[in-house]
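What follows is a short report on a single structure.
The values are calculated or read from the model by the stated rules, or taken from the named source; none is laboratory data. These figures come from a predicted structure and were not determined experimentally. All Cβ positions, glycine included, derive from the backbone under ideal geometry; neighbour counts span all protein chains shown.
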Amino acid sequence: MPADFNGTWNLVRSENFEGYMLALGIDFATRKIAKMLKPQKVIKQEGDSFTISTTSTFRNYFVQFKIGEEFEEDNKGLDNRKCKSVVTWDNEKLVCVQTGEKKNRGWTHWVEGDELYLELRCEGEVSTQVFKRA
Ligand code: VLZ
């Protein structure tokens, strides 16, 4: 029985988002703004189909995928690099591998109690974001 990610989630804490953005080559001015943001995620899960919309006062990001089906991701408004992405289950965790110019790029989502976790990885950097239900 897979985990239920459905809902609206607000960022409550974040670690090393700066390092993750640096690894992606995000410029100084954008990093200064982005690290102050408290993004909200709305996740819709129907079987193995997901939409994740991340919104903030500065920029928004939307992704849609089915488990196990590779898709082109353009990372528009983030680092704008294209990559081939695929999301799979690792037990109760959602694991995305983003294959492209950047090594070891991807993310993992999981739910722990009433909290949604997101681990973001790029090159040697790992950032963790924690969200609570709105
Ligand atoms: O999340 O990849 O939920 O793709 C931050 C927006 C969104 C603020 C970070 C603008 C995206 C930042 C994280 C400007 C550099 C992400 C996935 C998993 C959905």
Could you give me the residue pairs with C-beta distances under 9 Å whose first residue belongs to the stretch 108-133 and is polar (S, T, N, Q), whose second residue is in a loop (DSSP other than H, G, I, E, B) wherever it lies, and which are 6+ apart or on separate chains? Ser127/Asn16; Thr128/Asn16; Gln129/Pro39
Listed residues Phe62, Phe17; which is closer than 13 Å to Gln129 by Cβ, at pLDDT 95 or above and within 12 Å of the ligand (Cβ to nearest atom)? Phe17
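With surrounded by fewer than 16 Cβ atoms within 10 Å (Cβ to Cβ) and either modelled with pLDDT under 95 or hydrophobic (A, V, I, L, M, F, W, C) (or both) as the only criterion, which of Ile33, Ile52, Ile43 stands out?
Working: Ile52 fails: surrounded by fewer than 16 Cβ atoms within 10 Å (Cβ to Cβ); Ile43 fails: surrounded by fewer than 16 Cβ atoms within 10 Å (Cβ to Cβ).
That would be Ile33, the only listed residue that is surrounded by fewer than 16 Cβ atoms within 10 Å (Cβ to Cβ) and either modelled with pLDDT under 95 or hydrophobic (A, V, I, L, M, F, W, C) (or both).
Can you name the strands (runs of 3 or more DSSP E) wholly within the stretch 25-105 that have at least 2 residues being in contact with a Ser or Thr (Cβ under 7 Å, 6 or more places away or on another chain)? Don't jump to the end; show me each part of the working.
Numbers: elements: 40-46, 49-55, 61-66, 71-73, 83-90, 93-99.
Qualifying strands (runs of 3 or more DSSP E): 40-46, 61-66, 71-73, 83-90, 93-99.
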